[in-house]
1. Taking 22 Å as R0, compute the FRET efficiency from the Cβ-Cβ separation of I86 and K34 and round it to 0.05.
2. Can you figure out the FRET efficiency of E57 with N125, using R₀ = 25 Å and their beta-carbon distance, to the nearest 0.05?
3. Quick one: of K34/K115; K34/K117; K87/K117; K30/K79; K34/K79; K50/K79, which pairs are farther than 18 Å apart, Cα to Cα?
4. Considering only the other residues whose Cβ falls under 13 Å of the Cβ of I59, what net charge follows from Lys and Arg at +1 and Asp and Glu at -1?
5. With θ set to phi - 60° and the Karplus curve 6.51 cos²θ - 1.76 cosθ + 1.60, what are the ³J(HN,Hα) couplings of region 69-85 in order, to the nearest whole Hz, using x for Gly and Pro?
Amino acid sequence: MKKKLLILVGIFVFFQFGFSLDCMVTGYEKENNKVYYHSSKKGEKIELEKADFKSFEVIEAVNFKSLARDKNHVYYIGKLLDFIDIKSFEVLEEIKPELGPVWGYGCRTSNYILKDKNGVYDTRNLDISGE
C-alpha cells in the first residue's frame, strides 16, 4: 500500500515539476539588444520588434510577468497595446488569477485595469489574440 502511495505521489511531483518549468519560461527576455516574449501557450519566442531595449521594463505581477513597458509602448502578454498613451499610462488594478485546487495559479497570468488619458481598459476584454 505504501509503495502504491509513493508511486502516486512521485507521479504527481513529476508532473507538477514539468508544469512549473513550462511556466518559468513564459514572459519577457532581454537579449542581444532585443526584447522577446516567450509564450508557453504556443511554445515560441517572439521578438518584440518595436520594443526599446534600453527603456524596456517588466511591470511586476503575482504570477508570471505579463505586463511591460518601454519609453514608447505598453505590452501585455507579448502584444503591443498601441492604443494606450504611454505618457498618461497607469495601472489601476492587478486582477490576480483564481487559485486552482492543486496547481495554485498554474500558468495563468494576472489581468489588469489600465488607464490613460483616453480611457480605462480591462485586459480581460481586449481583443489582442493576433490569431
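Rule-based calculations on the coordinates, nothing more; no lab input. Computed from a predicted structure; not experimentally measured. Backbone-built Cβ (ideal geometry, glycine too); neighbour counts: all protein chains shown.
1. Approximately 0.65, to the nearest 0.05.
2. 0.50
3. Values: K34/K115 27 Å; K34/K117 29 Å; K87/K117 9 Å; K30/K79 16 Å; K34/K79 15 Å; K50/K79 11 Å.
Listed pairs above 18 Å: K34/K115; K34/K117.
4. Charge balance in the 13 Å sphere: -4.
5. Computed from phi, the couplings for region 69-85 are 8, 9, 5, 10, 9, 10, 10, 10, 6, x, 9, 6, 9, 6, 7, 8, 7 Hz.
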